[in-house]
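See below for the structure under consideration.
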Amino acid sequence: LLLRWRRRRALWRKVAEAQERQERSLVRMETAVQRFREQHPSVHMASIVSLPLPELSKKLRDGSLPPDHVFYAYVGKALQLATETNCITEFLQESENQVRKAKRMEKQGLLYGVPFSIKDSIDCQGHDSTLGFIKNLNKPAAEDSVVVQVLKRQGAIPFVKTNVPQSLISYDCKNLLFGQTRNPLMYTRTPGGSSGGEGALVGGGGSVLGIGTDVGGSLRFPAAFCGICAIKPTGKRLSKRGVMSGVVGQKAVAAAVGPLAKDVESLALCLRALLSEDMFSLDSTVPPLPFNEEVYSSTKPLRIGYYETDFFTMPSPAMRRAVRQTKQLLEEAGHTLVPFELTNVDYVIFNYCVRGLFADGGSSFVKKFKGEMERGGMGLFFWLAKAPNWLKTLLCWISKPFVRSISFYLSQRLWDSAPTPLTTSSFPPQDFCHQFIAQWKKLNLDVMLCPMLGPALGIGYPAKLSVAVSYTMLYNALDFPAGVVPVTLVTDEDEEQLKGYKGYYRDWWDRTLAKAFHGSVGMPVAVQCVALPWQEELCLRFMKEVETL
């Protein structure tokens, strides 16, 4: 007991050191902004941070806005958001030197002088990528990730790292090191996750461009919950070298790196900058596919598939209305909308997604928590991974009438103590993908309009509602590009209709989801825009159409 007490005390010291470092970062930001304001009292910072990225980058390149004016305007706004939402884990102090160099340099690169934020799990030289784990403290990255290197070569300046949930396998944003991040639109709501710090910072206007990752909706949840745009590209369209993973080694559910921004044109500009020769030379595993301007700028009417529900997670009234209103606007604009029927989503989520992520019965994932003081709200997961099979079978039988998610976990033997290696016959995601594409081609579709979970759930609810990722994780399993665009706000009528929300299974999980949605009048609701693999430009073109309408 004494040894255990001493060990926990040492761990708490490390946590305190991390929090002190975070506090020092905020003090440095405050000092830097105050110094700049004293030297340049006439600079109107609010007007700078109100500019959309394309206009901001144009003014930086033509010299009408100096890089230091833009940089310190965003440092000031980011500091305000960090105080309100706890979204920033670290200020990258060397960014001040990069700004000074940028003033002396030739104005090169599509993103010359643009400050951008990066998710904690993306390596930046000299800084930790903690994933919310104590064991990852004081282990600074030896070099920048490829994505950060490319953006720097395009003239952009990384200035802060942002918060994540412990392990990244959550769509909330809390860890023991840096605490809970809050939604900038309503502090009692989660900003989403796992790129939750990015969602809060960009959503609140503290960063004009954020870079995050997505393995089940980790870009799309924060964007939808915070009222901004994001795109999850095809898994290998952008380099993942130097990007830490929540579940190392798994290939079944494609992870992706992608941008978050206030509008679709900003996402397109970011992808133009990233899909350059620099990306392809720094990481030869990335296919050399430059940004296709012709596809993005096309005005040809689209043939669009759509669905209002996946028949697994019942959509909230606002989600259903968002799809219906968007469908109507698209039809009025001359596009063709075709119903698309999803089937067996429950089987796909549990057998392809959950089973694929934790193909070893979750043992390697559980090992990551060894020596940590908390488990990020994953107590049930740890119990399932360690419990004997006879007990799982008994619990499956008992829980079936009450909680379908636990029952399904157990009945499918996803957490066998002695898992067998995956084979083509036991785990065929490619077959499912081909079937999905065949249905897509049969309907002659260009893109798909889909629901996006929303509005933002109350803080703490994502840990209880893990299988609500069904709308997003489907497109990680398929490895399709998918983006989100906010289209409406929750109304009083939506809130009234929510009183009749029962769910498809009428179990504890459905009742909890109804409570999580409750009290959200005025919060944003998004739709999801999807294209076939490697068609990010078409996905963005569709997102732009939805945004414009």
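The values are calculated or read from the model by the stated rules, or taken from the named source; none is laboratory data. Everything numeric here is computed off the predicted structure, so don't read it as measured data. Note that we place each Cβ from the backbone using ideal geometry, even for glycine, and neighbour counts take in every protein chain shown. Surface accessibility is based on the protein's heavy atoms, side chains included, excluding ligands, DNA and RNA. Shrake-Rupley method; radii C 1.70, N 1.55, O 1.52, S 1.80 Å.
Observations
- Long-range neighbours under 9 Å by Cβ, at least six apart or interchain, first residue over 14 Å from G210 (Cα atoms) within the stretch 85-102, second in a strand (DSSP E or B) and open to solvent by 10 Å² or more (accessible area, probe 1.4 Å): N86/G179; N86/Q180; E94/Q125
- The condition of being in the same structural domain as I118 (by the TED database), open to solvent by less than 50 Å² (accessible area, probe 1.4 Å) and either charged (D, E, K, R) or under 24 Å from G192 (Cα atoms) (or both) holds for only one of I88, I48, that being I88.
- Taking helices (runs of 4 or more DSSP H) as the structural unit, those lying wholly within the stretch 326-430 and holding at least 3 residues that are open to solvent by 40 Å² or more (accessible area, probe 1.4 Å) and modelled with pLDDT of 70 or more correspond to 363-367, 389-399.
Conditions tested, residue by residue: (1) of a type in the set (A, V, I, L, M); (2) under 27 Å from L269 (Cβ atoms).
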position	(1), (2)
E23	no, no
R35	no, no
P54	no, yes
D62	no, yes
D68	no, yes
L79	yes, yes
S95	no, yes
Q108	no, yes
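- Checking each residue in the stretch 465-520 for being within 15 Å of R189 (Cβ to Cβ) and either of a type in the set (K, R) or not assigned by the TED database to the domain that holds F436 (or both) picks out only K515.
- Residue within the stretch 245-254 that is touching a Ser or Thr at 6+ places or on another chain (Cβ under 9 Å), surrounded by fewer than 22 Cβ atoms within 10 Å (Cβ to Cβ), assigned by the TED database to the domain that holds P140 and of a type in the set (S, T, Y) present: yes
- Between A463, A468, the distinction of being at pLDDT below 95, open to solvent by 10 Å² or more (accessible area, probe 1.4 Å), part of a helix (DSSP H, G or I) and more than 30 Å from L275 (Cα to Cα) belongs to A463 only.
- Pair list, Cβ < 7 Å and 6+ apart or interchain, from the stretch 59-83 residues that are in the same structural domain as G204 (by the TED database) to residues that are in a helix (DSSP H, G or I) and at pLDDT below 95: P66/K103; P67/A102; P67/K103; D68/K103
- Check on P165, outside any strand (DSSP E or B) and within 19 Å of the chain's Cα centre (by Cα): yes
- Among the helices (runs of 4 or more DSSP H) confined to the stretch 183-282, there are none with at least 3 residues that are of a type outside the set (V, I, T) and modelled with pLDDT under 95.
- Y72 aromatic (F, W, Y), out of contact with any strand residue (DSSP E or B) (no Cβ under 7 Å at 6 or more places or on another chain) and outside any loop (DSSP other than H, G, I, E, B): yes
- The stretch 75-110, residues that are outside any loop (DSSP other than H, G, I, E, B) and of a type in the set (D, E): E84, E90, E96
- Options G126, G132, G113, G76; residue that is on the phi > 0 side of the Ramachandran plot, touching a helix residue (DSSP H, G or I) at 6+ places or on another chain (Cβ under 9 Å) and open to solvent by less than 60 Å² (accessible area, probe 1.4 Å): G113
- Cβ-Cβ under 6 Å pairs, at least 6 apart or on other chains, the stretch 336-364 side free of Cβ contacts under 8 Å to residues at least 60 places away in the same chain, far side in a helix (DSSP H, G or I): G362/A385
- Where a residue in the stretch 158-171 is not assigned by the TED database to the domain that holds F71 and its partner, wherever it lies, is part of a strand (DSSP E or B) and crowded, with 24+ Cβ neighbours inside 10 Å, with Cβ under 7 Å and at least six apart: none
- Within this structure, T83 fails the test of being of a type in the set (V, I, T) and crowded, with 24+ Cβ neighbours inside 10 Å.
- Any hit, the stretch 512-519, residues being within 23 Å of T234 (Cβ to Cβ), modelled with pLDDT of 95 or more and not in a strand (DSSP E or B): no
- Residues of the stretch 272-293 satisfying the condition of being buried (at least 21 other Cβ atoms within 10 Å of the Cβ) and either of a type in the set (S, T, N, Q) or touching an Asp or Glu at 6+ places or on another chain (Cβ under 9 Å) (or both): L275
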